[in-house]
Amino acid sequence: MKKIWIIILIIILVLAVIGGIVFFSLNREKIAISASAFQSSMQEKGYTVVDATSQFSNYPYVEQVYLAVQSDYNYQIEFYTLSDESYAIGMYNNNKANFESSKGNGSVSSNISINNYAKFTLQTNGKYQVVSRIANTLIYLNVDDSYKEEVNKILSEFDY
């Protein structure tokens, strides 16, 4: 009888430890990449990276913008650094609303928002659309859905 109680206690402790690990790993704040890290990483992957910051000169809260254009010019991934998190949240919400307004029949979407991180994806009408924010940075893409796996691999490498 004593062995059964010890086994039950061990199982409860193991489950508690696993639960704690899962809770803390999900509840952690993500670390944003820098614009220069995005630029160099995308160049290493063979993308042409263009500094588009000057196109946003009328918006003083936009600090840096890089466009990473795929080698065949089939799509681009946009990276934004904003002056603070509130502007990034606003930009995220605007782009999310724009994506949601384009929903068609048979759309598939996901929405995650934890701590300093938010991500919205939408697959609809042959398009795959993502807006992902960590702190004061944002990644935006709107590509043909045939590139979904390719761009998701890049987003996961950046943890966006």
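List the residues, sorted by chain then number, that are 5 or more residues from Asn125 or on another chain and whose placed amide H is less than 5 Å from its amide H.
Result for Asn125 returns Gly104.
Please determine, in degrees from 0 to 90 and to the nearest 10, the orientation of helix 2-26 with respect to the longest principal axis defined by the Cα atoms of the chain, where the helix direction is its Cα long axis.
Here the helix axis deviates by roughly 10 degrees.
Which net charge results when you count Lys and Arg as +1 and Asp and Glu as -1 among the other residues whose beta-carbon is under 12 Å from that of Ile134?
Local charge sum for Ile134: +1.
Taking amide hydrogens as modeled 1.01 Å from N in the peptide plane, which residues meet the under 5 Å criterion relative to Asn116, leaving out close sequence neighbours?
Here Lys30 satisfy the definition.
Quick one: Karplus J couplings for the range 145-159, per residue in order, coefficients 6.51, -1.76, 1.60, θ = phi - 60°, nearest Hz, x for Gly and Pro?
For the range 145-159, the Karplus curve yields 5, 5, 9, 4, 4, 4, 6, 5, 5, 5, 4, 6, 5, 8, 6 Hz.
Using a/c under 1.5 as the rounded threshold, could you call the range 88-127 rounded, prolate or oblate? The axes a ≥ b ≥ c are square roots of the C-alpha gyration tensor eigenvalues, and prolate needs a/b larger than b/c, oblate otherwise.
oblate
Rounded, prolate or oblate, given the Cα gyration tensor of the range 66-160, with a/c below 1.5 counting as rounded? Before the final figure, lay out the partial values.
Working: a/c = 1.76, a/b = 1.22, b/c = 1.44.
Cα axes put the range 66-160 in the oblate bin.
So for the chain, averaging the separation of alpha carbon pairs under 8 Å that are six or more residues apart and normalising by length, what relative contact order in percent results? Please report the intermediate quantities before stating the final value.
Values: 244 pairs, mean separation 29.5, N = 160.
Worked out over the chain, it gives 18 percent.
Mind listing the phi-derived Karplus ³J(HN,Hα) values for the range 78-93, rounded to whole Hz, using 6.51, -1.76 and 1.60 with θ = phi - 60°, and x for any glycine or proline?
In residue order, the calculated couplings are 9, 10, 10, 10, 10, 5, 7, 5, 4, 5, 5, 5, x, 5, 4, 4 Hz.
Treat the chain as a sphere of radius equal to its Kirkwood radius over Cα pairs and apply Stokes-Einstein at 37 °C in a medium of 0.692 mPa s; give the translational diffusion coefficient in µm²/s, rounded to a whole number.
Stokes-Einstein gives a translational diffusion coefficient of 186 µm²/s.
Within the range 19-160, how many lysine pairs that are 8 or more places apart, or on different chains, have C-alpha atoms less than 25 Å apart?
Summing the qualifying lysine pairs gives 22.
Given a 10 angstrom Cα cut-off, can you work out which residue in Tyr59, Tyr75, Tyr87 is the most mobile in a GNM of the chain?
Its mean-square fluctuation being the largest, the pick is Tyr59.
Once you list every other residue whose beta carbon is under 14 Å from the beta carbon of Phe56, what net charge do they have if Lys and Arg are +1 and Asp and Glu are -1? It would help to have the intermediate numbers written out before the result.
Working: positive: none; negative: Asp51, Glu63, Glu78.
Overall, the nearby charge balance is -3.
Readers should treat all values here as calculations from the given coordinates under stated rules, not as data from a laboratory. This structure is a prediction, so every number in the text was calculated from the model and none was measured. Ideal geometry is used to build each Cβ from the backbone, glycine not excepted, and the neighbour counts take in all protein chains shown.
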